[in-house]
1. For residues in the stretch 337-356 being in contact (Cβ under 8 Å) with a residue 40 or more places away in the chain and aliphatic (A, V, I, L, M), which is surrounded by the most Cβ atoms within 10 Å (Cβ to Cβ)?
2. I'd like the full set of residues that are of a type in the set (D, E, K, R), open to solvent by 60 Å² or more (accessible area, probe 1.4 Å) and in contact (Cβ under 8 Å) with a residue 24 or more places away in the chain, limited to the stretch 141-165.
3. Return a yes/no flag: does the stretch 269-291 have any residue that is in contact with a Lys or Arg (Cβ under 7 Å, 6 or more places away or on another chain) and assigned to a loop (DSSP other than H, G, I, E, B).
4. Do the conditions hold for residue 321, that is, is it under 23 Å from the mean Cα position of the chain (by Cα) and touching a residue at least 12 places away in the same chain (Cβ under 8 Å)?
5. Among the residues of the stretch 93-109, are any among the basic types (Lys, Arg) and under 19 Å from residue 329 (Cβ atoms)?
6. Criterion first (under 19 Å from residue 175 (Cβ atoms) and without any contact (Cβ under 8 Å) to a residue 40 or more places away in the chain) does residue 334 satisfy it?
7. For the stretch 263-278, give me each residue that is at pLDDT 95 or above and either over 16 Å from residue 187 (Cα atoms) or of a type in the set (Phe, Trp, Tyr) (or both).
8. Out of 156, 150, which single residue is closer than 30 Å to residue 255 by Cβ, in a strand (DSSP E or B) and among the hydroxyl-bearing types (Ser, Thr, Tyr)?
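The values are calculated or read from the model by the stated rules, or taken from the named source; none is laboratory data. Not measured: the values here are computed from a predicted model. Cβ placement follows ideal geometry from the backbone for every residue including glycine, while neighbour counts extend to all protein chains displayed. Protein only, heavy atoms only, side chains kept; ligands, DNA and RNA dropped before computing areas. Shrake-Rupley method; radii C 1.70, N 1.55, O 1.52, S 1.80 Å.
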Amino acid sequence: MKEIKIGLVGAGAIARNLHLPAYEKAKKIGVKLEAICDIDIERARKTAEKFGIEKYYDSVDKMLAECDLDGIDICTWNAAHVPVCIAAAKAGKHIMCEKPAAMTVEELKELKNILDEKNLVYIHAVPGRFSNESLSLKKRIDAGDFGEIYYGKASYVRRRGEPKGWFTDKEISGGGPILDIGVHAIDAAWYLMGEPKPVRVCAMTFSDKINSECERSFVWTGAPSPAGARNCEDSGAGVIHFENGAQLLFEASWSIQLPDFNQTIIAGTKSGALRAGTPVVYTENSGYLTDENITIPQSDSGYAEVEHFAECIRENKRNTRYDINKAIQMQSILNAIYRSAELGREVTIDSEDNIK
């Protein structure tokens with residue numbers, strides 16, 4: 001079995017909590033984390049020492065030039081995703097990148113052109129795509145158990161859960177809770193609905209509605225932003241319309257006077273489902289309404305992502321579970337949400353994923 005050598009870019013919380021433990025487990029399938037890079041060289045050094053990584057850098061270009069890598073795993077702050085992706089693609093490296101994929105659709109189209117030209121693998125790293133909770137439902141959906149799925153609702157709400165650091169600086173993050181946490185629920189629903197093409201979005205966002213000194217229920221700290229800005233939304237909601245007539249309602253919040261909840265709902269002509277931990281399927285049996293709890297093995301989404309990345313590199317499989325074309329469509333949805341909120345009206349997404 002060919003050893004797959006990976007370079008990890010970004011040594012922040014998502015790398016330490018999800019990706020790095022996954023690479024520890026992935027040694028058994030011939031995946032080696034060859035090098036790590038971070039703009040903070042001391043953080044790169046300490047992380048390399050902790051996880052037994054041989055090389056560490058504070059320059060992506062230097063890492064790409066000096067290391068014999070098969071792929072790059074990108075866990076930087078959001079504004080750096082596409083620049084690092086493009087540098088890696090130009091160097092002929094396969095790519096796995098954390099969400100959101102980019103700041104704009106146009107950036108991703110530029111990246112797609114390079115990936116296509118060099119025949120490179122791209123995986124958009126959204127853990128829900130690799131969780132047993134989603135996969136168990138997707139298997140039943142694909143088997144026809146749900147019929148035609150026409151409605152979904154995606155919710156990821158924190159009562160007091162605004163992160164610290166660069167997350168609140170729109171120039172670096174691109175947006176607040178919609179991009180940070182809401183995307184997980186939105187993407188889970190979109191995936192289960194069969195990834196229909198988005199055509200219209202109507203959304204609203206709210207900022208500075210909660211001025212409270214209460215303790216946070218959730219603390220997630222990123223590196224400080226250069227400007228130290230706090231200019232993202234506190235919460236947002238809206239509806240996404242798809243070409244096949246289906247609709248998806250969504251809501252996301254870092255700070256709101258409501259209880260915490262994280263759930264995804266889908267409804268089909270035969271069955272519906274609630275995904276909030278253990279999935280529940282709502283259906284009919286022998287003339288009666290039934291609620292079915294699905295028993296599933298515990299998920300390890302981080303490892304499943306790395307395993308899929310290695311498999312796609314070995315087989316040069318470009319039709320990944322979350323390829324660049326799907327990432328472009330999701331980016332069009334996210335950008336349309338913010339554009340609609342900014343304009344105060346519904347916006348459309350054309351056949352080329354452009355927002356009007």
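1. Only one residue tops the list, namely 337.
2. Quick first cut of the stretch 141-165, residues of a type in the set (D, E, K, R) only: 142, 145, 148, 153, 158-160, 162, 164.
This time we only want the ones that are open to solvent by 60 Å² or more (accessible area, probe 1.4 Å), so: 142, 145, 148, 153, 159, 164.
Result: 145, 148, 153, 159, 164.
3. No, the stretch 269-291 contains no residue that is in contact with a Lys or Arg (Cβ under 7 Å, 6 or more places away or on another chain) and assigned to a loop (DSSP other than H, G, I, E, B).
4. yes
5. yes
6. no
7. 268, 269, 270, 271, 272
8. So the residue among 156, 150 that is closer than 30 Å to residue 255 by Cβ, in a strand (DSSP E or B) and among the hydroxyl-bearing types (Ser, Thr, Tyr) is 156.
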